[in-house]
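The values are calculated or read from the model by the stated rules, or taken from the named source; none is laboratory data. Just so it is clear, the structure is predicted and the values come from calculations on it, not from any experiment. Cβ atoms come from the backbone with ideal geometry, glycine included; neighbour counts cover every protein chain shown. Ligands, DNA and RNA are stripped out before the accessible areas are found, and what is left, the full protein with its side chains, is counted by its heavy atoms. Shrake-Rupley method; radii C 1.70, N 1.55, O 1.52, S 1.80 Å.
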Amino acid sequence: MALMMSVSGVRGVVGQTLTPGLAVDLGCAFGTLLGGRQVVIGRDSRPSGPMIEAAVVAGLLATGCEPVLLGVASTPAIALMVSRLHAAGGIVITASHNPIPYNGIKFLTDEGLAPPPERARQLFDLHQSRAFKLVDATSVHKPRVEPTAARTHVQAALGIVDQPGIAARGFHVVLDSVNGAGGEEGLMLLEQLGCRVAHLNGEPTGLFAHTPEPLAENLTDLCDAVRREGACAGFAQDPDADRLAIVDETGRYVGEEYTLALQARYMFETHPGSAAANLSTSRMIDDLAAAGGPCRVYRSPVGEANVVATMKQHGCVFGGEGNGGVIDPRVGVVRDSLVAMAIVLQLMARTGKRLSTLVDEIPRYVMLKTKFECTQERIARVLAAVRERYRQEKVNDSDGVRVDFADGWVHVRGSNTEPIIRIIAEAATRERADELVGQIQAIASRL
Ligand code: MG
């Protein structure tokens, strides 16, 4: 697979497209851009992590930076430490939910965010031109080890909930950390919240016990464990612990869309205000906002950085994506599985209801996702035709085209990385969702 490059960094197969040479050069480019200041570095648990880290650190040291090494840490913990330590930037070594052969290098601003597009372009231009500013021998610093990331992150997540109130309930939960970076932090959080925890795949070996994306087909062991343990909830983190999928007390996989929906339910009831979510995220949160009084949902283009930009623009009290990534600005401006677990337990403690009841009380929709190959030029024609066909409806074309109807919506967009077009439709019934997808396919087939 070719090396993938985006605003947030690079991702590739270790030893093929993601090499130590590339990592050194990117370290030099980032260090040059920052002009030799403090840079926080952490990694997920993959066996290739220390190799990539050593290479990136060499580049940072060569350009006069002071690397602060967090070791294995979740992506939200690394982002939090960048701002807590007032560092000039951060680097996260992770390939998120991709399998073991992959790894990636993500760059963070001093706020712990993905760099804006023009800053990312500067970085890649520097990498291309190799115009690195290397320092002389006496100006090379030593890396510093910083062991407090897990504790700091857990404290921040505890700060947004009623810790004694949750602890008083003595919840019994199952946590599946997929041998990723979130095990230590996840367990620490749940124990501090007074939970009895059955921890699956908690060792951060990076040898993922199952396919790491937290989808239903990969979490059958977690569902079984919840039933066997008689637990009241099951939580599944992805390898860098920025996403969370949820299993209810019956062992039912309720899915990633419900992570944000449950957060929305809690937040709209207790902290009325606006929220942000990307255009492909379920309409459940709009229903919850309408029920919550003067609350509003702003839609952003797909991508975590776009959700965060929309949150900042409108002063949102929370935000997120339908892939199980929830963002609470009181903790940080990245998706965070610890925030998600804390909020779900808080919602259960506050309402006294079972998780299955809380889920079933949220209006239910059927979401269908499909994609097909399409050249860039044809994608543009399809989007134009869809926009024209539905010009009487409520259309948002800030990222592809999303059309909202009274009884559902459909979102059509070209991929940023591959020549494919994606169609996502959601409606109260399977038939209606099928119909919405079919309408778009019919338009595309004529072009
Ligand atoms: Mg992830």
Report task. Any of LYS371/LYS394; LYS312/LYS371; LYS369/LYS394; LYS106/LYS142; LYS353/LYS394 with alpha carbons more than 29 Å apart? Name them for me. Result -> LYS312/LYS371; LYS353/LYS394
Query raised in the report: What translational diffusion coefficient, in µm²/s and rounded to a whole number, does the Stokes-Einstein relation yield for region 53-112 at 20 °C and a viscosity of 1.002 mPa s, taking the hydrodynamic radius as the Kirkwood radius over Cα pairs?
Result: 177
Query raised in the report: Once the piece of chain linking ARG446 and ARG389 is laid out straight, how much longer is it, given 0.36 nm per residue of separation minus the C-alpha distance between them?
Result: 19.2 nm
Report summary line: What helix-only [θ] at 222 nm does the chain give? Using -39500 (n - 2.57) per DSSP H run of at least 4, over all residues, to the nearest 500, the answer is -11500 deg cm²/dmol
Query raised in the report: Taking the convex hull of the alpha carbon atoms in the chain, what volume per residue do you get, in Å³?
Result: 133
Query raised in the report: What Rg and what Dmax come out for region 152-360 when only alpha-carbon atoms are used, in angstroms?
Result: 15.6, 46
Query raised in the report: Ignoring ligands, DNA and RNA, how do ARG252, ARG296 rank by accessible area with a 1.4 Å probe, largest first?
Result: ARG296, ARG252
Query raised in the report: Within region 4-147, what percent of beta bridges assigned by DSSP are antiparallel, to the nearest 5?
Result: 45
Report task. Report in % the part of the accessible area of region 366-445 that belongs to carbon and sulfur, leaving out ligands and nucleic acids; probe 1.4 Å. Result -> 47
**Report entry** Heavy atoms of GLU256 accessible to a 1.4 Å probe, total area in Å² rounded to 10
**Finding:** 20
Requested in this report: Taking the Cα atoms of region 366-445, report the difference between the largest and smallest coordinate on each principal axis, in whole Å and largest first.
Outcome: 32, 24, 21
Report summary line: The answer for region 353-447, accessible area per residue at 1.4 Å probe in Å², is 53
Query raised in the report: Taking a probe of 1.4 Å, how large is the accessible area per residue of region 4-147, in Å²?
Result: 40
Requested in this report: Report, by chain and number, residues whose modeled amide H sits under 5 Å from the one on SER45, excluding near sequence neighbours (fewer than 5 apart, same chain).
Outcome: ALA181
Report task. With a 1.4 Å probe and all protein chains in place, put THR375, THR310, THR19 in order of accessible area, largest first. Result -> THR375, THR19, THR310
**Report entry** Gain upon complete extension [GLU191, SER398; 0.36 nm per residue less C-alpha separation]
**Finding:** 70.3 nm
Query raised in the report: Which distance in nm do the two modelled labels at ASP221 and ALA131 give, with both placed 7 Å along the Cα-to-Cβ direction?
Result: 5.0
**Report entry** Extended-chain gain in nm, criterion 0.36 nm per residue less alpha-carbon gap, GLN313 and ARG364
**Finding:** 15.4 nm
Query raised in the report: For region 4-147, what does the alpha-carbon gyration tensor say about shape, rounded, prolate or oblate, given a ≥ b ≥ c as the root eigenvalues, a/c under 1.5 as rounded, and a/b over b/c as prolate?
Result: rounded
Query - Residue with peak Gaussian network fluctuation, the chain [Cα springs, cutoff 10 Å], from LEU189, LEU126, LEU262 - result: LEU126
Requested in this report: At a 1.4 Å probe radius, which order do MET51, MET188, MET341 fall into by accessible area, largest first?
Outcome: MET51, MET188, MET341
